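The values are calculated or read from the model by the stated rules, or taken from the named source; none is laboratory data. All figures in this text were calculated on a predicted structure; none of them were measured in a lab. Ideal geometry is used to build each Cβ from the backbone, glycine not excepted, and the neighbour counts take in all protein chains shown. These area figures cover heavy atoms from the full protein model, side chains too; ligands, DNA and RNA do not enter into them. Shrake-Rupley method; radii C 1.70, N 1.55, O 1.52, S 1.80 Å.
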Amino acid sequence: MINSNLNNDTIQKSFEIVPPRYTISDSFVNKILKYEKNFDLLDITCCPMATLRVNPIAVAHKLILKGVNPKKLIVNFSSRDRNSLALQSEIFGALSIKLKNILVVKGDPISYGNSKKSKEVFELTTDEIISNVNKINKGLDFNNNETKSKMNINIFSALNINRSFNKIKTTIQKRLKRGSKFFITQPIYSESDFEKIIRLSDSKDYKIFAGILPVKNKRILDNLLKKLGGISIDSPHLLDLAKYDDKKIHSYSSNHLKKLIKIYKKNLDGLHLMTSGSIIEASNLVKNL
């Protein structure tokens with residue numbers, strides 16, 4: 001069984017924060033503070049789409065200083081950008097300010113972003129990072145040196161939803177053995193994907209958060225179809241969106257997802273709102289849940 005305050009019978013709501021590019025402004029922080037009570041968790045991304053952003057631990061620290069409970073915050077760690085030494089250093093830094101939720105991600109290819117001269121690292125795979133973070137829970141660092149203190153890190157990892165039920169189930173079971181008990185799916189858009197997630201959420205040993213990303217315009221639609229792996233690109237909804245102009249795409253996509261959330265919310269563990277950093281839009285999507 002999950003031993004965490006994330007374990008309860010109500011649907012959990014997570015909002016994906018996209019850090020600013022260069023500075024953490026008061027307006028950025030204040031907007032999050034105004035709406036953060038609408039969410040159980042705030043997930044702070046790490047240079048999504050390989051675009052330069054402020055470090056997620058710095059954003060988390062700023063929010064903690066403003067009164068946000070560190071138990072509510074998730075910080076992302078990418079295998080793309082760090083070797084094992086840097087990963088350990090940043091993870092222990094996060095733990096030192098009482099951050100206990102970590103999302104391990106592979107990271108988007110450097111070619112997608114604005115730092116073309118950067119070099120990808122990938123010393124450790126996502127699964128290897130999960131296993132090593134779980135060592136910290138047992139009182140060891142990545143090299144099996146004793147840390148003299150055991151931690152209680154909640155390890156999140158991502159799930160690709162465009163695979164068969166059995167393949168996703170196998171991935172979950174492997175990740176569970178490594179130490180990840182919380183999963184966030186790539187964005188979903190169809191009834192069949194929602195139903196697949198509900199079928200996968202048949203165990204009290206883990207929780208799955210369904211990724212919710214309303215499509216705002218044709219550029220984002222194109223990125224979803226060509227760059228974001230792990231989604232069902234043959235979803236009827238995504239095919240429909242190609243027919244509309246930018247003015248209609250956003251409202252059509254948001255209304256479609258609202259309907260699906262309303263239908264399936266009783267049987268989901270959680271929702272993970274990916275609204276390009278707009279906490280107002282995310283709040284509207286989960287209103288009255």
Three-way shape label, the stretch 68-165, alpha-carbon gyration tensor, a/c 1.5: prolate
In this structure, among LYS106/LYS177; LYS135/LYS177; LYS207/LYS265; LYS71/LYS177; LYS62/LYS135; LYS216/LYS243, pairs with alpha-carbon gaps over 21 Å are LYS71/LYS177; LYS62/LYS135
Residues in the stretch 82-111 that a label on LYS148 would reach, taking backbone N under 17 Å of a point 7 Å out along Cα→Cβ: 92-93, 96
Any idea of HIS61's accessible area? Nearest 10 Å², probe 1.4 Å. 80
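Using the Kirkwood formula on the Cα atoms of the stretch 3-147, what hydrodynamic radius do you get, in angstrom to one decimal?
Values: mean 1/r = 0.0619 Å⁻¹.
Its Kirkwood hydrodynamic radius stands at 16.2 Å.
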Evaluated over the stretch 160-289, the Cα radius of gyration and Dmax, each in Å: 14.7, 46
Extension gain from ASN69 to LYS247, taking 0.36 nm per residue of separation minus the Cα-Cα distance: 60.3 nm
Give me the angle, in degrees from 0 to 90, between the Cα long axis of helix 191-200 and the longest principal axis of the Cα atoms of the chain, rounded to the nearest 10. 30
At what distance in nm do the modelled label points of ASP26 and THR51 sit from each other, each positioned 7 Å from its Cα along Cα→Cβ? 2.6
Report the equivalent ellipsoid semi-axes for the stretch 208-265 in whole Å, largest first, defined as the square roots of five times the eigenvalues of the gyration tensor built from alpha carbon atoms. 18, 15, 9
Run the numbers for TYR35 and ASN255: contour at 0.36 nm per residue of separation, minus the present Cα-Cα distance, in nm. 77.1 nm
Contour minus end-to-end for LYS98 and LEU289, with contour as 0.36 nm per residue of separation and end-to-end as the Cα-Cα distance? 65.9 nm
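How much of the DSSP bridge set in the chain is antiparallel, in percent, rounded to the nearest 5? Before the final figure, lay out each step's value.
On the way: 1 of 33 bridges.
Counting only bridges with both partners in the chain, antiparallel ones make up about 5 percent.
Just to be sure I understand: of the beta bridges DSSP finds with both ends in the stretch 48-158, what percent are antiparallel, rounded to 5? Before the final figure, lay out the partial values.
Numbers: 1 of 10 bridges.
Rounded to the nearest five, the antiparallel share is 10 percent.
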Can you pull the one-decimal nm distance between simple spin-label points at GLU195 and LYS265, each 7 Å off the Cα toward Cβ? 2.2
In Å, what Rg and Dmax follow from the Cα atoms of the chain? 18.3, 59
Of all the accessible heavy-atom surface of the chain, with the other protein chains kept in place and a 1.4 Å probe, what percent is carbon and sulfur? 49
Name the residues whose placed amide hydrogens come within less than 5 Å of the amide hydrogen of LYS13, ignoring near sequence neighbours (fewer than 5 apart) on the same chain. ASP40, LEU41, LEU271
Against the longest alpha carbon principal axis of the chain, how many degrees, from 0 to 90 and to the nearest 10, is the axis of helix 26-35 turned? 70
Mean residue ellipticity (222 nm) of the chain, computed from DSSP H runs ≥ 4 via -39,500 (n - 2.57), nearest 500: -11500 deg cm²/dmol
